[in-house]
Amino acid sequence: MNIIKTDIPDVLILEPRVFGDDRGFFFESFNSRAFRELTGLEPTFVQDNHSRSGKNVLRGLHYQIRQSQGKLVRVVSGEVFDVAVDLRKSSPTFGKWVSARLSAENKRQMWIPEGFAHGFLVLSESADCIYRTTDFYAPEHERSVLWNDPDIGVRWPMTGEPVLAAKDRAGKLFKEADLFP
């Protein structure tokens, strides 16, 4: 596994070693020992989620203010533009965002630690995302920052309007959002 650092040091891109031949391919999508040795982190994952979305669907920017979730995100079909936004007021990268294209083809994953909002835009006709979380889903603690908040300024690679859920259209502005210490 190769670790690619982002402009926010706590957010990492994981690139697996893929072994392929005329039969197909094989790779380890997660190995806790290798992850620990390469990152110094030992997350305990408690829940796996799988979402399927159509082209131009934008999910996010989501987080849980309590029971904050670290997420390891990967795409098993299609391609997404994946985004993490630092919501930790004490962080030197507070309010900054990073992104990566995750796809079934590149097999990359993004590690997003607790204290971040997460979202993605589907670039392909559809995409299946699987993400492992370090805490359980708690709808009473779920929050959403507006996907197009001008203070954050995510540059989503799209033309026109995205397909949004009602909760994402109703996301709060960054300056009004519940944040982490």
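Just so you know, all these numbers are worked out from the coordinates, no wet-lab data involved. Values in this document were obtained by computation on a predicted structure and should not be read as measured data. In this analysis, Cβ positions are derived from the backbone assuming ideal geometry, glycine residues included, and neighbour counts consider all displayed protein chains.
Assorted remarks:
- 3J(HN,Hα) from dihedral phi, the range 58-75, Karplus parametrisation 6.51/-1.76/1.60, rounded to Hz, x for glycine, proline: 10, 10, x, 9, 9, 6, 10, 6, 10, 6, 3, 10, x, 10, 10, 10, 9, 10
- Highest mean first, the peptides 10-19, 132-141 sorted by other C-beta atoms within 10 Å per residue fall in the order 10-19, 132-141.
- Packing rank of 99-105, 69-75, 163-169, where each peptide gets the mean count of other beta carbons within 10 Å, highest leading: 69-75, 99-105, 163-169
- Projecting label points 7 angstrom from Cα along Cα→Cβ for Arg155 and Phe180 puts them 2.6 nm apart.
- Entries in Lys71/Lys107; Lys5/Lys172; Lys96/Lys172; Lys107/Lys167 that, when Cα-Cα distance is taken, lie over 27 Å: Lys5/Lys172; Lys107/Lys167
- In order through the range 19-25: 3J(HN,Hα) via Karplus (6.51 cos²θ - 1.76 cosθ + 1.60), integer Hz, x for Gly, Pro: 10, x, 8, 5, 8, x, 8
- Mean residue ellipticity at 222 nm, helices only, the chain: -1500 deg cm²/dmol; runs of at least 4 DSSP H residues each add -39,500 (n - 2.57), and the sum is divided by the number of residues.
- Signed unit charges on C-beta, dipole axis of the range 35-97, positive-most listed residue Val46, Thr93, His62: His62
- Which of Trp111, Trp156 has the fewest Cβ neighbours within 10 Å, and the rest in rising order: Trp156, Trp111
- Relative to the Cα centre, the charge distribution of the range 114-177, modelled as +1 at Lys and Arg Cβ and -1 at Asp and Glu Cβ, gives a dipole magnitude of about 140 debye.
- Based on C-alpha pairs under 8 angstrom that are at least 6 apart in sequence, the chain has a relative contact order of 29 percent.
- Likely footprinting exposure, His118, His50, fewest C-beta neighbours within 10 Å first: His50, His118
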